[in-house]
Amino acid sequence: MAEQSQEGGLKQVILARRSVRRFDGRPVERELLRSCVDAARLAPSAENVQPWRFLVVDDPTLKARLAEGAFSGIYRVTSWAERAPVLVVLFAELDILANRLGKRVTGIDYYLLDLGIAGEHFCLQAAELGLGTCWIGWFSSDGVRKALGTPRRLRPAALFAVGYSAHERMPEKKRRALEEICWFNEIG
C-alpha cells in the first residue's frame with residue numbers, strides 16, 4: 001500500500017507542479033479556480049484559525065490596476081505576472097491567540113506556516129486540474145492594498161499567477177538528493 005501511494009496520484013501532481021511564468025491567454029474557468037480555493041480551504045492551521053483569505057482577480061481592468069500597484073518600482077521584475085489571465089491574492093487575517101500571542105511566546109509567525117500549507121494546496125490542485133501557477137512573493141504589499149482598497153485587517157502575503165501554461169515543455173526539476181536533506185536519528 002505504501003509503495004503504491006508513493007508512486008501514485010499525489011506524487012505525480014507534485015512532480016507536475018512548476019512555477020509557470022508564461023501563459024497562453026485562455027481564460028480560466030471560475031469553477032476550476034473555486035476548486036483550487038476549496039483545496040486550500042481544507043488545509044490545517046494553528047489552533048484551526050484558518051487565517052487565509054483569497055481574492056481571485058479575473059476582471060481585466062481590476063487585474064491591470066492590481067498589477068500596476070503590485071509590480072511597480074523595485075518589484076518591476078515580477079511584471080511578467082500581469083500577463084497571466086488570473087491573479088490571486090492570498091491575504092492573512094490574523095487572530096489574537098494563535099497569531100499574535102503565539103509569536104510573542106515562540107517567535108514563530110504561525111500564520112505564515114498556515115498560509116504556506118494553504119497556498120501549496122491551491123497550487124497542487126491547480127496542477128492536477130491542468131493549470132499553471134507561480135507563487136509570487138516579490139510584490140508591493142502597499143501597492144496591492146491601494147489598488148484593491150484592502151481593509152486593515154487583511155495583510156497581503158502572496159500572489160499567484162494562474163492560467164494555462166504556454167510552455168511546451170518545462171525543464172526537469174533540479175533537487176538535492178534525498179540523502180543530502182534527510183537524516184535519521186542524527187544530523188548528517
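The values are calculated or read from the model by the stated rules, or taken from the named source; none is laboratory data. On a predicted model such as this, the values are computed, not experimentally measured, just so you know. Glycine also receives a Cβ, built like all others from the backbone with ideal geometry; neighbour counts cover every protein chain displayed.
Numbers below:
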item	result
Odd one out for Glu172 among (1) crowded, with 16+ Cβ neighbours inside 10 Å; (2) of a type in the set (Asp, Glu); (3) modelled with pLDDT under 95	(1)
Gly137 being within 25 Å of Phe71 (Cβ to Cβ), free of Cβ contacts under 8 Å to residues at least 60 places away in the same chain and not basic (Lys, Arg)	yes
Test result for Val144, touching a residue at least 40 places away in the same chain (Cβ under 8 Å), part of a helix (DSSP H, G or I) and surrounded by 11 or more Cβ atoms within 10 Å (Cβ to Cβ)	yes
Close pairs from region 167-184: first more than 30 Å from Arg26 (Cα to Cα), partner part of a loop (DSSP other than H, G, I, E, B) and among the charged types (D, E, K, R), Cβ under 9 Å, at least 6 apart	Ile181/Arg175
Conditions (1) closer than 18 Å to Ala92 by Cβ; (2) surrounded by 15 or more Cβ atoms within 10 Å (Cβ to Cβ); (3) of a type in the set (A, V, I, L, M); (4) at pLDDT 95 or above: number failed by Leu42	(2)
Search result, residues across region 76-115 that are part of a helix (DSSP H, G or I), touching a strand residue (DSSP E or B) at 6+ places or on another chain (Cβ under 9 Å) and not aromatic (Phe, Trp, Tyr)	Thr78, Ala81, Glu82, Arg83, Asn99, Leu112, Asp114, Leu115
Candidate set from region 45-68 (those that are farther than 17 Å from Val28 by Cβ and hydrophobic (A, V, I, L, M, F, W, C)); member that is modelled with the highest pLDDT	Trp52
Yes/no for Leu112 being surrounded by 20 or more Cβ atoms within 10 Å (Cβ to Cβ) and of a type outside the set (Asp, Glu)	no
Residues of region 73-104 that turn out to be farther than 20 Å from Gln50 by Cα and not hydroxyl-bearing (Ser, Thr, Tyr), as a count	12
